[in-house]
Structures are given as structure tokens and as C-alpha cells.
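The values are calculated or read from the model by the stated rules, or taken from the named source; none is laboratory data. Since this is a predicted model, take the numbers as computed values, not measurements. Note that each Cβ is placed from the backbone with ideal geometry, even for glycine, and that neighbours are counted across all protein chains shown.
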Amino acid sequence: MKQKYAITKDGKTDQIRIQEFAELDKDSFSLVCEETYDRKKIKAAAAEGKEPLIQVLRTPNLYPASEYADKIAESVKNLFFQSDQDSVELEFDDIEALRSEKETAESGDDSIALDELLEDEIEDKDDSSEDGSEDSEDEEDSTDDAPFSDEDSLDVLDDDDNDDVS
């Protein structure tokens, strides 16, 4: 699915508006969400850094994926501090993002490192199960000393019931 974000600053009302559009039909974008922000809050959050700005931009209605949120935040920051433009438009394609993510996963050495870690973990479990076999026999013998091994210790509860019946 394709998504489009239109970011507009309005000098008259001192607000910024972000509109999210989604391609619901082929080559036809529909407005999904629109959020308006106070320009002062956006500038203050942008001055603190990207993460605080993303936190301000995200709402229950407008909550873009992390990759998109980073690019939106960067565009908002550029719109305020480095640009004479009044608006910016960003377009994302989920299919392209998934393809690039898949290619990165397939080409990376991360899978090899993960396999090595898993092998180490399996070896550790095998070692501990061999060492722990003697301990588990000792633990079985100690279960005879359980706190309620004496049958009479539970009779306290039965005595109260018998008193009420008499």
C-alpha cells in the first residue's frame, strides 16, 4: 500500500498540519487522517531532538511506522529551520520497504552470527543437563521433607468444620 503525507505550515494561524493519505484504489489517494499541531510545540520538540519531535507528532490517530516517522520528523524540522517552503509532501510504498528489508536480512551476516549464538546456547543446555542429572536425583529425595508431609497437619482445617456441625 502506498501512503502520502502532506506537511503544511500556516503562518497566519501559527499551526502545522499533517495529512495522511492512503492509496485505497490504484492511483487514487484518499485522506485517512489529518492532525493539526501548535507551531511552538513543534519547534520546541524539534530543538530537543528527533525522538521528542516524533513523540509530539505521533497521536492515536496518526502513528506512522518508525521509518516513516523518522522521515516525517526530518521533513518537519527542515520545513521550519532550513526551508522557505510552506509545505512538503512525502510518499512511501510499503511493498518497496518490505523488499528492501528482506534484501537486507538475506544479504547480512546477522543470520550467521545468530546461528552461532543458537549453537552456543544449545551446547550450554546440553552441558547443564549432563551436570544437572545428579542434582535432580537429590532434589527428588528432598521432596519427602515437604512442609505438609504429615497428614495430621491438615486436620486443623477439618476440626473447624466439625465444631460447626456439633
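All conditions but one from (1) crowded, with 16+ Cβ neighbours inside 10 Å; (2) more than 23 Å from the chain's Cα centre (by Cα); (3) among the hydroxyl-bearing types (Ser, Thr, Tyr) apply to TYR68; the one that does not is (2). Taking the criterion of being in a strand (DSSP E or B) and surrounded by fewer than 12 Cβ atoms within 10 Å (Cβ to Cβ), no residue of region 78-90 qualifies.
Against the criterion of being among the hydroxyl-bearing types (Ser, Thr, Tyr), touching a residue at least 12 places away in the same chain (Cβ under 8 Å) and either assigned to a strand (DSSP E or B) or farther than 30 Å from ARG99 by Cβ (or both), THR13 does not qualify. Checked against the criterion of being in a helix (DSSP H, G or I), polar (S, T, N, Q) and buried (at least 16 other Cβ atoms within 10 Å of the Cβ), the candidates SER100, SER75 yield just one match: SER75.
Which residues, taken from region 1-35, are at pLDDT 90 or above and exposed (fewer than 13 other Cβ atoms within 10 Å of the Cβ)? Within region 1-35, SER28, SER30, LEU31 meet the criteria.
Listed by first and then second residue, the pairs with beta-carbon distance under 8 Å, at least 6 apart or on different chains, first residue in region 43-61 and part of a helix (DSSP H, G or I), second hydroxyl-bearing (Ser, Thr, Tyr), are VAL56/TYR37; LEU57/TYR37.
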